[in-house]
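The values are calculated or read from the model by the stated rules, or taken from the named source; none is laboratory data. Note that the structure is predicted; figures quoted are calculated from it, not measured. A quick note on method: Cβ atoms are made from the backbone with ideal geometry, for glycine too, and the neighbour counts reach across all protein chains shown. Accessible surface is based on the protein model in full, side chains and every heavy atom, while ligands, DNA and RNA are left aside. Shrake-Rupley method; radii C 1.70, N 1.55, O 1.52, S 1.80 Å.
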Amino acid sequence: MPEKQQSIHGIWRNRWTFIFAATGSAVGLGNIWKFPYIAGENGGGAFVLVYLACILAIGVPIMIAEILLGRHGQYSPITSMRRIAAQSNHSKAWVLLGWFGALAGFLILSYYSVVAGWALAYIPKLGFGEMSQVTPDVAKKIFEDLLANPLTLVGWHTVFILLTAMVVARGVNKGLEKAVTILMPMLFLLLVILLGYSMMSGNFQDGLDFLFTFDFNKLTWDSVLEAMGHAFFTLSLGMGAIMAYGAYMPKNISIINTSLTIAFFDTLVAIIAGLVIFPIVFANGLEPGEGPGLMFVSLPIAFGHMGFGAFFGVLFFILVTFAAWSSAISLIEPSVAWAVERFNTTRFKATFFVALLAWVLGLGSVLSFNHWENMSILDGRNIFATLDFLTTNIMLPLGGLLIALFVGWVLQEQITRKELSPKIMQIYQLWRWFLRLVAPVAVLIILTVGLLEAFPEQKIAFTRFILDVFPSLKGD
Ligand code: TRP
């Protein structure tokens, strides 16, 4: 491989555009929508602590590995893996890692776009006062009505896919880079404005207590698993998005420092999002552990009862849209980059086809909230739930496991050393052992649990087996 940077897709102008892009990928619905509610359901503070440990012990080491792999490969994850395997005489099967990633991104995009569409739909709802002074029942009804109406959902889903395609079609420099350098600072600005609002008008002390008081009694094994899985999801790992972005990264940028920066920003956004949401929810006497309804029911009720609530509510849903948008472009980038390489076509055409396919598949998710709600694809799950489950619980951990094993055990060490050019050897060694041992074991646990969820009968047998082997666990 030539020493000079040669990615045919373009190259990030500097370290910060890469950080913005990767942070944009990482910061998404997961941070604003999912993190606060799973923290809510798992008791707050103690969960946050476990989550931080998972980010450092599993997330960051795998992120470093993924960026390194992308930068070494220089192409889309699929082509990169094919080239790397061929050059070093590794099994050709490693290309599956790339395929897996691109496929996962594509599948996630199809339903992510539908949920992002809800956020888009809420911008005018709050802006035109539809949610002002709503009672909980009415707020619930508004959300249910939205979900019951496939045409409206398709409309917003279409708008969101178009927004995403518009950016990706313009390429790395004119599209992705430009979008993230505008979106990310705006996102932080919105977040700070909303934090100010929550401090002034919300029940801030209760919010703080909730997120930072450690109540270890509420922490179960399930919470730990949830924290591990989420650390993975929130950093966009295991599926080539970060790998694709790594391919456009200049060679002189430190991968280790950059990964830590991205993990830091991602965590910061998740915690600030919690500090925006909980005080507002508490100030209105609502509950934190409401699951998905937290964002689309509880929060709109709260905004509807507060001074300037419509204005700040609109800002909030713009924030969510920006976060989802900058994630969506990295969901589709691996497939688009691959299509450009494979079919030697223009980015515009490649984007058009991939986006169209994702849009069509998204229709299945749209219908999962109404006409096809009760369809059962996988153990009672409809299309949306199946896609969500397969990608989050199976494909991402599997991808992450393969990446950790490949970079940790298969790839020649001189390559990892060259890409990381570590200044402090101890840190390099620490990373390597976390990648080789800690991350695979943790991910294997997540994956096993995920698989068992899919097959309830085997789960019962497996639980019995574990209890036979470790009888001391029974007291749980
Ligand atoms: N990290 C995103 C979030 O927190 C979700 C996500 C998972 C993602 N994998 C991804 C986004 C890959 C972009 C690319 O919402």
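Calculated mean residue ellipticity, 222 nm, the chain: -22500 deg cm²/dmol, from DSSP H runs (n ≥ 4) at -39500 (n - 2.57) each, averaged per residue and rounded to 500. Dipole magnitude for the stretch 15-474: about 1840 debye, using +1 per Lys or Arg Cβ and -1 per Asp or Glu Cβ, origin at the Cα centre.
Per residue, the accessible area of the chain comes to 41 Å², computed with a 1.4 Å probe over protein heavy atoms only.
Here the stretch 48-204 was treated as a single set of alpha-carbon atoms; its pair distances binned every 5 Å from 0 give 2, 7, 8, 12, 15, 16, 14, 11, 7, 4, 3, 1, 0, 0 percent. Element breakdown for the chain at a 1.4 angstrom probe: carbon and sulfur atoms account for 67% of the accessible area. Considering only alpha-carbon pairs that sit under 8 angstrom and 6 or more positions apart, the relative contact order computed for the chain is 33 percent.
In the stretch 422-476, how does Rg compare with the Kirkwood Rh, expressed as the Rg/Rh ratio over alpha carbon atoms?
1.24
Considered as an equivalent ellipsoid built on the Cα gyration tensor, the stretch 293-382 has semi-axes of 34, 22, 9 Å, the largest given first. When you count the other C-beta atoms within 10 angstrom of each residue and take the mean per peptide, 107-119, 139-151 line up highest first as 107-119, 139-151. The stretch 124-189 and the stretch 415-476 have Cα centres lying 36 Å from one another.
Return the subset of LYS34/LYS251; LYS92/LYS459; LYS92/LYS418 for which the Cα-Cα distance in this structure is over 29 Å, preserving the input order. Beyond 29 Å: LYS34/LYS251; LYS92/LYS459. Summary of packing: across the peptides 264-273, 77-86, 124-133, the per-residue average of other C-beta atoms within 10 Å ranks them, highest first, as 77-86, 264-273, 124-133. Taking the C-alpha atoms only, the angle from helix 60-73 to the longest principal axis of the chain is near 50 degrees. Measure nothing but the geometry: give the 0 to 90° angle between the long axis through the Cα atoms of 347-367 and the longest principal axis through the Cα atoms of the chain, rounded to 10°. Tilt relative to the chain: about 40 degrees. Rounded to the nearest 10 degrees, the inclination of helix 396-405 to the longest alpha-carbon principal axis of the chain is 30 degrees.
For the chain, the alpha-carbon radius of gyration amounts to 0.95 times the rule-of-thumb value 2.2 N^0.38 Å expected for a compact globular protein.
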